[in-house]
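K.L.:
Quick one: the structure is below, and I'll ask about it shortly.
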Amino acid sequence: MSPKANGYTYGVYLRPDPLTCRAVVDLTDLLKRQFGIVSAAAFPPHATLAGAVPSDATTEELIAALDPVMGQATAIPVHNAGISRHNIAVTFNVDMTHRGEKNHAIKALAVAIDEALEPLKGSSSGHRMKPFDADGFRAHLSLASHDLETLPHLRSEVEDFLRASPHSAPSDFIADTITLFRFHSADWSGEWWHDLRWWHLHSWKLPRL
């Protein structure tokens, strides 16, 4: 059965440190309760390395394809530059080093993961299914995202609210865990965030040098 029929896609995520995870959960839950926006809160805290990948492969095949990439990877120092606008979304910006340069280690890992998954990708439909864009890759932790597409009157208000909200996220952390998830929605072409479900499939612990 194709992902279009069964509704499954896969994501490979960089997991932030526990304090940052807690900050993401606190802020997304606050937005859910204050504004009723739920798309970012529907996910585990993460920075996407490969997202919304349709595939007919088994979990074991996906893990086997990614094992060589993870075997070459090491933990990545990450700088959180704070609240940032990312298209219509509002995020923690983790795309740059503390010197203001691109964090090439995160991008390189995303590129390697996409290349490893390419032979296993299927086809699907819906606005969430987008091809990987290495040039446009920007690492971020979503706080308010897809449902702002349908709520334009809230975009500025939510951003201002987040910028004024205290949080526990440190400015720097070491990312040493990469995780594979499976996702399901009955309709990826609609407002999928209302019925999104996910399952943790596997984690890789990257060595610290």
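Please treat every number below as a calculation from the coordinates, not as lab data. Since the structure is predicted, the reported quantities are computational estimates derived from the model, not experimental observations. Heads up, the Cβs are rebuilt from the backbone with ideal geometry, glycines too, and the neighbour counts pull from every protein chain shown.
K.L.:
Under 27 Å between alpha carbons: how many lysine pairs meet that in the chain, if sequence neighbours fewer than 8 apart on the same chain are excluded?
P.N.:
Lysine pair count for the chain: 10.
K.L.:
If you don't mind, another one. Taking N as the number of residues in region 130-177, what is its Cα Rg relative to 2.2 N^0.38 Å?
P.N.:
My calculation over the Cα atoms of region 130-177 gives 1.50.
K.L.:
Can you give the percent of C-alpha pairs in region 32-101 whose distance is more than 14 Å?
P.N.:
It works out to 76 percent of all Cα pairs.
K.L.:
So what is the relative contact order of the chain, in percent, for Cα pairs below 8 Å that sit 6 or more residues apart?
P.N.:
The value is 35 percent.
K.L.:
On a C-alpha basis, how far is the centre of region 133-166 from the centre of region 1-74 in Å? Whole number, if you could?
P.N.:
17 Å
K.L.:
Hey, another quick one. Go from 0 up to the bin containing the longest alpha carbon distance in the chain, width 5 Å each, and give me the % of pairs per bin.
P.N.:
Bins of 5 Å from zero give 1, 7, 16, 19, 20, 18, 12, 5, 1, 0 percent of pairs.
K.L.:
Follow-up question, since we're still on this one. Using a simple charge model, +1 on the beta-carbon of Lys and Arg, -1 on the beta-carbon of Asp and Glu, nothing else, what dipole does region 7-205 show about its Cα centre, in debye to the nearest 20?
P.N.:
That gives region 7-205 a dipole magnitude of about 340 debye.
K.L.:
How big is the Kirkwood radius of region 1-120, worked out from every pair of different alpha carbons and given in Å to one decimal?
P.N.:
The answer is 16.1 Å.
K.L.:
Which value in nm describes the separation of the simple spin-label points at Trp199 and Asp56, placed 7 Å from the Cα toward the beta carbon?
P.N.:
Going by the 7 Å Cα→Cβ label model, 1.9 nm.
K.L.:
At 222 nm, what value in deg cm²/dmol follows for the chain if DSSP H runs of at least 4 each add -39500 (n - 2.57) and the sum is divided by all its residues, to the nearest 500?
P.N.:
It comes out at -8500 deg cm²/dmol, rounded to the nearest 500.
K.L.:
Which is the longest stretch in the chain that no exposed loop site breaks, taking sites as trypsin sites (Lys or Arg not before Pro) with a DSSP loop state and at most 10 other Cβ atoms within 10 Å?
P.N.:
Looking at the chain, 100-207 is the longest stretch - no exposed trypsin sites (Lys or Arg not before Pro) with at most 10 other Cβ atoms within 10 Å.
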